[in-house]
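For reference, the structure is listed below as structure tokens.
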There are 2 protein chains.
Amino acid sequence: MDFLDIMRQRRSCRAYQPDRTIPREQLLQVIEAGRLTPSGCNAQPWKFVVVDDPEAKEKVCDAVVTSDGATGAPWRHQVSAFILLVEQPAKVMQLVERHYHDTQRFAQGDLGAACMNMCHEAFALGLATCVIGVNEQSKMERHFGIPHGCEVRLVLALGYAADGGAEPPAKVRRPLEEVCCFNRWQ
Amino acid sequence: MDFLDIMRQRRSCRAYQPDRTIPREQLLQVIEAGRLTPSGCNAQPWKFVVVDDPEAKEKVCDAVVTSDGATGAPWRHQVSAFILLVEQPAKVMQLVERHYHDTQRFAQGDLGAACMNMCHEAFALGLATCVIGVNEQSKMERHFGIPHGCEVRLVLALGYAADGGAEPPAKVRRPLEEVCCFNRWQ
């Protein structure tokens, strides 16, 4: 399949078939797509925590609810597995530290790219995905032993799309003219 | 081609054939991969400035050198075209603003994902790419009229790999055991 076809067909999924499990072999293929992702200064400032144990999944479901009770993932209990994408301290070139005074300058972008690649590989395996952005860091640390200072940047939900999940609404994007210009800001 | 094969084969390229141009049609296919990228709250907090005019390219070559004369891209004058990935203010759900007090919480990750997708589409088109992380924002604003506050997060270099560029050294990545664990931080 052409890569743009993947881009056009893949959708975030918010309705999953409950009580299904994903073979570990497939989860590791998804992880491999993250592991191979390029990163600033090749720092690879990430750790991926795969969560597929039922009790541990319940803890993720708790941690993506904020302390005031809000969540962007009301469908979270249907998910087959989660991957926590955790940011780690990055070792970058002196040039970067000198210019930005920040070793983590590229880290968030790197994790975004890794997450995107995991979505593509999951799609290739017939799995549905959705990226959950909001989580309660203190719960993540308590539930999973994540070291203080290593922020959970993204949570990737994986599973099997429920009936109808295969024909989602059209992709809504800003038009080309609005997001692209040539040789000067316009 | 299987998606993991793309991940395994694609390399950052640091030696290009000079004086070659990329058809606008192909550049727009690369932009399309960026435009279709999913983003936090579907905010699409980006603008892509394609730079393929020779004079404007010289300005990019200047802007990826910092004020103290350093650059991570000594090969920049060989590049056929650049794409500046510029972060714009994001409109996110109330839940996100309340929890993180930051409309830009997801923006860097979103731009990282968009840049990754552009690399994949370029690869599909036979183009070589390298992401340049360091740039001098004040030069970008002066050279391209980029509004103050809209940060150039990444610069994507595109071109045709020079001889030997097709057989680059092996990919260096942290081993699986180091970047992945199951159900608890280890």
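The values are calculated or read from the model by the stated rules, or taken from the named source; none is laboratory data. Predicted, not measured: the structure shown is a model, and the values here were computed from it. Because the Cβ atoms are built from the backbone with ideal geometry, glycine has one as well, and the counts that use them run over all protein chains shown.
State which residue pairs qualify: first residue closer than 29 Å to B:Gly109 by Cα and modelled with pLDDT under 85 and inside the range B:154-175, second residue surrounded by 15 or more Cβ atoms within 10 Å (Cβ to Cβ) and among the acidic types (Asp, Glu) in any location, beta carbons under 8 Å apart, and separation of 6 or more residues or different chains.
none
Residues checked against (1) surrounded by 22 or more Cβ atoms within 10 Å (Cβ to Cβ); (2) of a type outside the set (Phe, Trp, Tyr); (3) within 20 Å of B:Arg153 (Cα to Cα):
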residue	(1), (2), (3)
B:Phe3	no, no, no
B:Arg14	no, yes, yes
B:Pro23	no, yes, no
B:Val49	yes, yes, yes
B:Lys57	no, yes, yes
B:Ala63	yes, yes, yes
B:Thr66	no, yes, yes
B:Pro89	no, yes, yes
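Which ones in the range A:111-150 are more than 30 Å from B:Asp2 (Cβ to Cβ), buried (at least 23 other Cβ atoms within 10 Å of the Cβ) and within 8 Å of chain B (Cβ to nearest Cβ)?
Here is the first cut: in the range A:111-150, the residues more than 30 Å from B:Asp2 (Cβ to Cβ) are A:134-150.
Retained after the next criterion (residues that are buried (at least 23 other Cβ atoms within 10 Å of the Cβ)): A:134-135, A:140.
Selection gives A:Val134 alone.
So is B:Glu25 over 18 Å from the mean Cα position of the chain (by Cα), part of a helix (DSSP H, G or I) and at pLDDT 95 or above or not? Reasoning before the result, please.
Values: over 18 Å from the mean Cα position of the chain (by Cα): yes; part of a helix (DSSP H, G or I): yes; at pLDDT 95 or above: yes.
So B:Glu25 fits the description; yes.
Out of B:Ser67, B:Ser12, B:Ser39, which single residue is in contact (Cβ under 8 Å) with a residue 40 or more places away in the chain, over 23 Å from B:Asp110 (Cα atoms) and within 11 Å of chain A (Cβ to nearest Cβ)?
Working: B:Ser12 fails: over 23 Å from B:Asp110 (Cα atoms); B:Ser39 fails: over 23 Å from B:Asp110 (Cα atoms).
Answer to the check: B:Ser67.
Is it the case that A:Val86 is more than 9 Å from chain B (Cβ to nearest Cβ) and of a type outside the set (Phe, Trp, Tyr)? Lay out the reasoning, then the answer.
On the way: more than 9 Å from chain B (Cβ to nearest Cβ): no; of a type outside the set (Phe, Trp, Tyr): yes.
Spelling it out, it is not the case that A:Val86 is more than 9 Å from chain B (Cβ to nearest Cβ) and of a type outside the set (Phe, Trp, Tyr).
Which of the residues that make up the range A:95-105 are free of Cβ contacts under 8 Å to residues at least 24 places away in the same chain and at the interface with chain B (Cβ under 8 Å from one of its Cβ atoms)?
A:Leu95, A:Arg98, A:His99, A:Tyr100, listed by residue number.
Quick one: would you say A:Arg20 is of a type outside the set (A, V, I, L, M) and at pLDDT below 95? Working first, answer last.
Working: of a type outside the set (A, V, I, L, M): yes; at pLDDT below 95: no.
Taking the combined requirement at face value, the residue does not satisfy it.
Condition check: facing chain B (nearest Cβ under 9 Å), closer than 23 Å to B:Tyr100 by Cβ, touching a helix residue (DSSP H, G or I) at 6+ places or on another chain (Cβ under 9 Å) and among the polar types (S, T, N, Q). Does A:Gln108 satisfy that?
On the way: facing chain B (nearest Cβ under 9 Å): yes; closer than 23 Å to B:Tyr100 by Cβ: yes; touching a helix residue (DSSP H, G or I) at 6+ places or on another chain (Cβ under 9 Å): yes; among the polar types (S, T, N, Q): yes.
Yes.
Can you tell me which condition B:Lys91 does not meet? The list is (1) among the basic types (Lys, Arg); (2) without any contact (Cβ under 8 Å) to a residue 12 or more places away in the chain; (3) more than 10 Å from chain A (Cβ to nearest Cβ), and all the others hold.
Just one mismatch for B:Lys91, condition (2).
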